[in-house]
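*Asks:* Below is the structure I would like to discuss, written out as structure tokens.
Bear in mind that the values in this text are calculations on the coordinates, not laboratory data. Just so it is clear, the structure is predicted and the values come from calculations on it, not from any experiment. Cβ: placed from backbone, ideal geometry, glycine included. Neighbour counts: every protein chain shown.
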Amino acid sequence: MTRSLIEVAFQALAGNDPDQISAVFTEDAEWLSPPGNATVVALKLIDHTLKVTNHMVGRETIVRFWAEAFPACSLLTSTSPSARPTPTTSEGSWRRP
């Protein structure tokens with residue numbers, strides 16, 4: 001695995017495009033992350049009915065997660081300044097705009 005392949009893969013994940021994500025995984029791919037990781041916890045807080053796990057098996061499952069479920073967690077994926085928390089006081093408390 002080369003650095004450029006890893007960069008392409010992460011660019012695909014960040015773009016949330018199912019075709020680009022699919023192109024970087026084999027049909028039998030597995031995605032394993034630590035149990036109780038922040039993404040899984042956040043997505044379950046947003047929608048407790050989501051079927052998210054720390055171990056995804058198969059390209060289709062991984063693509064669906066990155067293209068559909070992960071973008072639902074806008075704090076993690078948004079690059080829009082209006083979606084980022086902003087300070088409300090000089091002391092540094094934070095609020096969502």
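*Asks:* Pop out the ³J(HN,Hα) list for the stretch 31-36 in order, Karplus 6.51 cos²θ - 1.76 cosθ + 1.60 with θ = phi - 60°, rounded to Hz; leave Gly and Pro as x.
*Replies:* 10, 10, 10, x, x, x
*Asks:* What order do you get for 14-23, 63-72 when each peptide is scored by the mean count of other beta carbon atoms within 10 Å, highest first?
*Replies:* In decreasing order of mean packing, 14-23, 63-72 become 63-72, 14-23.
*Asks:* Let me ask something else. Amide H to amide H, which residues 5 or more places from VAL52 or on other chains are under 5 Å from it, using H placed in the peptide plane?
*Replies:* The answer is none.
*Asks:* Given R₀ = 22 Å, what would the calculated FRET efficiency be for ASN37 paired with ARG64, taking r from the Cβ atoms and rounding to 0.05?
*Replies:* 0.80
*Asks:* Over all Cα pairs of the stretch 3-73, how is the pair count split among 10 Å bins, expressed in % and running from 0 up to the last occupied bin?
*Replies:* Values per bin, smallest distances first: 21, 52, 25, 1.
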